[in-house]
1. Going by what's in this entry, would V190 be described as modelled with pLDDT under 95 and either surrounded by 14 or more Cβ atoms within 10 Å (Cβ to Cβ) or in a helix (DSSP H, G or I) (or both)?
2. Go over the candidates I201, I176 one by one and state the one that is of a type in the set (A, V, I, L, M, F, W, C) and either free of Cβ contacts under 8 Å to residues at least 40 places away in the same chain or farther than 30 Å from R136 by Cβ (or both).
3. Quick check, is D114 open to solvent by 40 Å² or more (accessible area, probe 1.4 Å), in a helix (DSSP H, G or I) and either aromatic (F, W, Y) or in contact (Cβ under 8 Å) with a residue 24 or more places away in the chain (or both)?
4. From the list M160, M197, exactly one residue is in contact with a Phe, Trp or Tyr (Cβ under 7 Å, 6 or more places away or on another chain) and open to solvent by less than 40 Å² (accessible area, probe 1.4 Å). Which is it?
5. Tell me the residue from R137, R126, R147, R152 that is more than 14 Å from E203 (Cβ to Cβ), open to solvent by 30 Å² or more (accessible area, probe 1.4 Å) and within 25 Å of the chain's Cα centre (by Cα), please.
6. For the stretch 44-73, name all the residues that are more than 20 Å from V164 (Cβ to Cβ), of a type in the set (G, A, S) and assigned to a helix (DSSP H, G or I).
7. Return the residues of the stretch 154-195 that are touching a helix residue (DSSP H, G or I) at 6+ places or on another chain (Cβ under 7 Å) and among the β-branched types (V, I, T); say none if nothing qualifies.
Amino acid sequence: MSTIRILAMGLALLTAGCESTYYSVWEKLGVEKRDIMTKRVEKARDSQQEAQEQFRSALEQFKATVSFDGGELESAYRKLNSEFEDSEEAAETVRERISDIESVADALFAEWEDEIDLYTNANLKRDSQAKLNDTRRQYAQLLKTMRRAEARLDPALDAMRDQVLYLKHNLNARAIQSIKGEVVSINREVDKLISAMEAAIKEADRFISQLQAG
């Protein structure tokens, strides 16, 4: 990485509380808000792919725990709790990435709208306005699918958390037997989450392609 990019990244970190300064730094290096938005959508998509795998892993560990047949109960619990905590972290990353997209989208659309007023050529102005409107519609659909996936995070986490907490205070074979019936409901919530994330990932890929083409 070049020295100038390293310096820019350092400045961006120092000014993380001021988005306009952050964008200004990158624009001076030739990185426009559209480029930043593309990168943030990619990161949001990737975080959802990673979250899918993490929740699948946590579900498998839960199934393994309730199928426990002899051995060290404490070890089984620690593995399950670790998977649950990793799932919480993955969920938080997903939320942060979506918020990052919203931030740059607001800045991009505001700048685009202001610059449309600078056109003197009516045809170019009309074409730019049409592209802005189209991009906004595409973005609205993207955000809708991502927020829908985000809304499925808490039900899946809540279903897991209840069982992890129960085992924490009732770590015995009887307790494990008593939560076996919860596998179905946890599986259902995780499946809903993964399905919603799959839709969001596809929408992100579509939006990225449209941005790069436009």
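The values are calculated or read from the model by the stated rules, or taken from the named source; none is laboratory data. Just so it is clear, the model here is predicted, and its values are computed rather than measured. Glycine gets a Cβ as well: all are built from the backbone with ideal geometry, and neighbour counts include every protein chain shown. For the accessible areas, the whole protein counts, side chains as well, though only heavy atoms, and no ligand, DNA or RNA atoms are used. Shrake-Rupley method; radii C 1.70, N 1.55, O 1.52, S 1.80 Å.
1. Values: modelled with pLDDT under 95: no; either surrounded by 14 or more Cβ atoms within 10 Å (Cβ to Cβ) or in a helix (DSSP H, G or I) (or both): yes.
In short, no.
2. Numbers: I201 fails: either free of Cβ contacts under 8 Å to residues at least 40 places away in the same chain or farther than 30 Å from R136 by Cβ (or both).
Result of the check over I201, I176: I176.
3. Working: open to solvent by 40 Å² or more (accessible area, probe 1.4 Å): yes; in a helix (DSSP H, G or I): yes; either aromatic (F, W, Y) or in contact (Cβ under 8 Å) with a residue 24 or more places away in the chain (or both): no.
Against the criterion (open to solvent by 40 Å² or more (accessible area, probe 1.4 Å), in a helix (DSSP H, G or I) and either aromatic (F, W, Y) or in contact (Cβ under 8 Å) with a residue 24 or more places away in the chain (or both)), D114 does not qualify.
4. Details: M197 fails: in contact with a Phe, Trp or Tyr (Cβ under 7 Å, 6 or more places away or on another chain).
Only one candidate passes the filter, namely M160.
5. On the way: R137 fails: more than 14 Å from E203 (Cβ to Cβ); R126 fails: within 25 Å of the chain's Cα centre (by Cα); R147 fails: more than 14 Å from E203 (Cβ to Cβ).
So the residue among R137, R126, R147, R152 that is more than 14 Å from E203 (Cβ to Cβ), open to solvent by 30 Å² or more (accessible area, probe 1.4 Å) and within 25 Å of the chain's Cα centre (by Cα) is R152.
6. A44, S47
7. Listed by number, the residues that qualify are V164, I176, I179, V183, I186, V190, I194.
For (1) assigned to a helix (DSSP H, G or I); (2) touching a Phe, Trp or Tyr at 6+ places or on another chain (Cβ under 8 Å); (3) open to solvent by 50 Å² or more (accessible area, probe 1.4 Å); (4) at pLDDT 95 or above, each residue gets a yes or a no:
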position: S75; (1), (2), (3), (4): yes, no, no, no
position: E89; (1), (2), (3), (4): yes, no, yes, yes
position: E92; (1), (2), (3), (4): yes, no, yes, yes
position: I98; (1), (2), (3), (4): yes, no, no, yes
position: S103; (1), (2), (3), (4): yes, no, no, no
